[in-house]
1. Give the residues of region 67-93 that are of a type in the set (Gly, Ala, Ser) and assigned to a loop (DSSP other than H, G, I, E, B), sorted by residue number.
2. Sort out which residues of region 109-133 are surrounded by fewer than 17 Cβ atoms within 10 Å (Cβ to Cβ) and in contact (Cβ under 8 Å) with a residue 40 or more places away in the chain, and write them in order of number.
3. Going by the conditions given, is ASP64 modelled with pLDDT of 85 or more, of a type in the set (D, E, K, R) and not in a helix (DSSP H, G or I)?
4. Mind checking whether some residue in region 71-80 is over 22 Å from the mean Cα position of the chain (by Cα), farther than 15 Å from ALA132 by Cα and surrounded by fewer than 16 Cβ atoms within 10 Å (Cβ to Cβ)?
5. More than 30 Å from ARG141 (Cα to Cα) and either at pLDDT 90 or above or β-branched (Val, Ile, Thr) (or both): does that describe ALA201?
6. How many residues does region 21-57 hold that are acidic (Asp, Glu) and assigned to a helix (DSSP H, G or I)?
7. Here is a check on your reading of the model: is PHE176 among the aromatic types (Phe, Trp, Tyr), in contact (Cβ under 8 Å) with a residue 40 or more places away in the chain, crowded, with 18+ Cβ neighbours inside 10 Å and more than 17 Å from ILE270 (Cα to Cα)?
8. Starting from region 67-87, keep only residues that are more than 20 Å from GLU102 (Cα to Cα) and at pLDDT below 95, then list their pairs with residues that are among the small types (Gly, Ala, Ser) and outside any loop (DSSP other than H, G, I, E, B) whose Cβ atoms are within a distance under 6 Å, requiring at least 6 positions of separation or different chains.
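The values are calculated or read from the model by the stated rules, or taken from the named source; none is laboratory data. Since this is a predicted model, take the numbers as computed values, not measurements. When we count neighbours, we look across all protein chains shown, and the Cβ atoms used for this are built from the backbone with ideal geometry, even at glycine.
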Amino acid sequence: MASIEDLAAYTLPRDQTESGRLNRQHEVYKQQLGYLLHPTIAASLPPTAHIADVATGTGIWLLDLVSTLPPTHTFTGLDLSPAQFPATPPPNFTFRTMNVLEPPPPELQGQFDLVNLRLLICGLTQPDWRTAARHVRLLLRPGGALQWTEGDFAHMDILQSAPGTSIAASRSVFDFVIASHQRKGKMVSDDVRRLRGVVEAEGFVECREDVVSSDRVAEGRMEGSVIGVGAINSLARNMAREGGGGEGIEESCEAAVLEIGDGVYWRWNIHTIVARKPL
């Protein structure tokens, strides 16, 4: 069971508003990546695969994936907190708490043909990335696959699609989120760009990295930008609840959404690492 200290490590809230934003964010990433499951992994899953999703949140990635796979597969969602787990999961689903920064319990070790991770960047300090990779490897069966997707938010671009459009509010809220995370040792400049090396250092093989733009599909630019502002708004609400600042950010977020309506957009690179645990 996750401790209070564990939950405090996660920066964003776990309320209904944030659950809705996470589900919308899932659709953005699916559109821009062009898949839920990397094609090289999908082609090699066994007929009775056991699939885990670490930091599952609402379980939306698993719940969406199930419709694309045979009914013989089973699915496990793992997260620090059960607060966002679905109330009535399908019969071949299990949801349980687990902290990826601690060794997985013995009953989970060596049980999975695929482990998916996505967007842990808000919860990991620089040393945590190797710890997470090490513990994910323990979850996998020999030959099992890893899929790990992260947004390179530390190198976000805030761009204009029309001359003279203000980006002041967008820049303000972006600077706020970077500063608030970096004070805690998170979202450090090159964490995401070093992820492939971290995975390789923890003994994974057949590592490859795909990088796409968050606006690979241009029609998704506005929605992706609004989702990004929504994440910062959620962060500010959480910080205010904990007495950690964030005052005035909600108004800045509203102004940033208006800028997006005027054609401003937020663009970042999405990195996906796929790899295997050695046989």
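1. Correct list: SER81, ALA83, ALA87.
2. Answer for region 109-133, where residues must be surrounded by fewer than 17 Cβ atoms within 10 Å (Cβ to Cβ) and in contact (Cβ under 8 Å) with a residue 40 or more places away in the chain: THR125, GLN126, ARG130.
3. When the stated conditions are applied, ASP64 does not pass them.
4. Looking through region 71-80, at least one residue is over 22 Å from the mean Cα position of the chain (by Cα), farther than 15 Å from ALA132 by Cα and surrounded by fewer than 16 Cβ atoms within 10 Å (Cβ to Cβ).
5. No, not satisfied.
6. Here the count works out to 1.
7. Spelling it out, PHE176 is indeed among the aromatic types (Phe, Trp, Tyr), in contact (Cβ under 8 Å) with a residue 40 or more places away in the chain, crowded, with 18+ Cβ neighbours inside 10 Å and more than 17 Å from ILE270 (Cα to Cα).
8. These pairs meet every condition: GLN84/SER19.
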